[in-house]
1. Could you please give the count of residues in segment 80-107 that are β-branched (Val, Ile, Thr) and open to solvent by 40 Å² or more (accessible area, probe 1.4 Å)?
2. Kindly evaluate ASP143 against the criterion of being under 15 Å from ILE177 (Cα atoms), among the charged types (D, E, K, R) and surrounded by 22 or more Cβ atoms within 10 Å (Cβ to Cβ).
3. I need the full set of residues from segment 27-45 which are closer than 17 Å to PHE127 by Cα and either crowded, with 21+ Cβ neighbours inside 10 Å or of a type in the set (S, T, N, Q) (or both), in order please.
4. From the list SER63, SER75, which residue is closer than 21 Å to ARG123 by Cα, open to solvent by 20 Å² or more (accessible area, probe 1.4 Å) and polar (S, T, N, Q)?
5. Considering every residue within segment 114-121, establish whether at least one is aromatic (Phe, Trp, Tyr), out of contact with any helix residue (DSSP H, G or I) (no Cβ under 7 Å at 6 or more places or on another chain), in a strand (DSSP E or B) and open to solvent by 40 Å² or more (accessible area, probe 1.4 Å).
6. Quick one: would you say ILE160 is over 21 Å from ARG58 (Cβ atoms) and in contact (Cβ under 8 Å) with a residue 12 or more places away in the chain?
7. Could you say which residue among GLU186, GLU225, GLU242, GLU201 is modelled with pLDDT of 85 or more, of a type in the set (D, E, K, R) and either open to solvent by 10 Å² or more (accessible area, probe 1.4 Å) or in a loop (DSSP other than H, G, I, E, B) (or both)?
8. Out of everything in segment 23-55 that is among the small types (Gly, Ala, Ser) and in a helix (DSSP H, G or I), what residue ends up being farthest from GLY165 (Cα to Cα)?
Amino acid sequence: MAEEIVGELVPFYVVGDVSGSMTRVGSSGKSGIDALNEIVPCVVQALVEHPTVGDKIRFGMLSFSDSAKEEVPLSDIRDIAKSTPPVLTPGGGTSYMSVFLTLRGNLENDVNQLKADGYRVHRPVVFFFSDGLPTDYEQEWKDAWAKLTEETEDYHAHPILLPFGVGEAMKETLDYIAFPKDGKYEVVRARVGKDDQDAAEVITRSMNALVGSIVATAQSLAEGEKGAVAKGLAEGFAEAEEDQEDDWI
């Protein structure tokens, strides 16, 4: 007898760079870390305005500098709304290797737990913010990225990874980590702010895409639309998306 499916969920994660350079205050009067600290309240506000989000989305947040830290465990947004938002603190370097490996472990554990709880789970969606190049050896962070994005017999949680670059981040590096590289998620490519934009400005603008994607995905799922996540991401970025296939794991 097949196990009963109690619901359908899409895990959304935010990964934020809190290296020393993210403390610089730009023309907006805020630092990049200040802007990252506004993300959880913005997501909670989306829940208030769109109750469907609580039924269809789970949300988590990680920060990284020399090492990675789970700031918000993947949770029901209704539970996050009852808790105190995290206050991110600055670190030192920019270890992509550390955060990719930590994220892989979190994705695997989170998805397995949701499925054990009876949910049908979509591939996780990760919004990745960084203002500088990785301080790891190139082969180290690329190997870690490969482990995060591979699909194996035991690991199916390889994410949809959307990078946002601010300040000194080079488009070539962020284009490399955007995933998948082709197929239906054509919205997945690096977004890099203009040279005259500071970290806080780029992150604040990107929050509109994040929240818009969460809301559109939740509403599409609630309406039973095929390709809900692809549509949600496309609507979050105000771009067309033609492929409407599902991508559950």
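The values are calculated or read from the model by the stated rules, or taken from the named source; none is laboratory data. Bear in mind that the values here come from a model prediction, so they are computed numbers and not experimental data. Neighbour counts run over all protein chains shown; Cβ positions are idealised from the backbone, glycine included. Quick note on the areas: whole protein, heavy atoms, side chains included, nothing else; ligands and nucleic acids left out. Shrake-Rupley method; radii C 1.70, N 1.55, O 1.52, S 1.80 Å.
1. Within segment 80-107, residues that are β-branched (Val, Ile, Thr) and open to solvent by 40 Å² or more (accessible area, probe 1.4 Å) number 4.
2. On the way: under 15 Å from ILE177 (Cα atoms): yes; among the charged types (D, E, K, R): yes; surrounded by 22 or more Cβ atoms within 10 Å (Cβ to Cβ): no.
So ASP143 does not fit the description; no.
3. Of everything in segment 27-45, those that are closer than 17 Å to PHE127 by Cα and either crowded, with 21+ Cβ neighbours inside 10 Å or of a type in the set (S, T, N, Q) (or both) turn out to be GLY32, ILE33, ALA35, LEU36, ASN37, ILE39, VAL40, VAL43.
4. After ruling out the rest, the residue left standing is SER75.
5. Yes, because at least one residue in segment 114-121 is aromatic (Phe, Trp, Tyr), out of contact with any helix residue (DSSP H, G or I) (no Cβ under 7 Å at 6 or more places or on another chain), in a strand (DSSP E or B) and open to solvent by 40 Å² or more (accessible area, probe 1.4 Å).
6. Details: over 21 Å from ARG58 (Cβ atoms): no; in contact (Cβ under 8 Å) with a residue 12 or more places away in the chain: yes.
The answer is no for ILE160.
7. Among GLU186, GLU225, GLU242, GLU201, only GLU225 is modelled with pLDDT of 85 or more, of a type in the set (D, E, K, R) and either open to solvent by 10 Å² or more (accessible area, probe 1.4 Å) or in a loop (DSSP other than H, G, I, E, B) (or both).
8. GLY54
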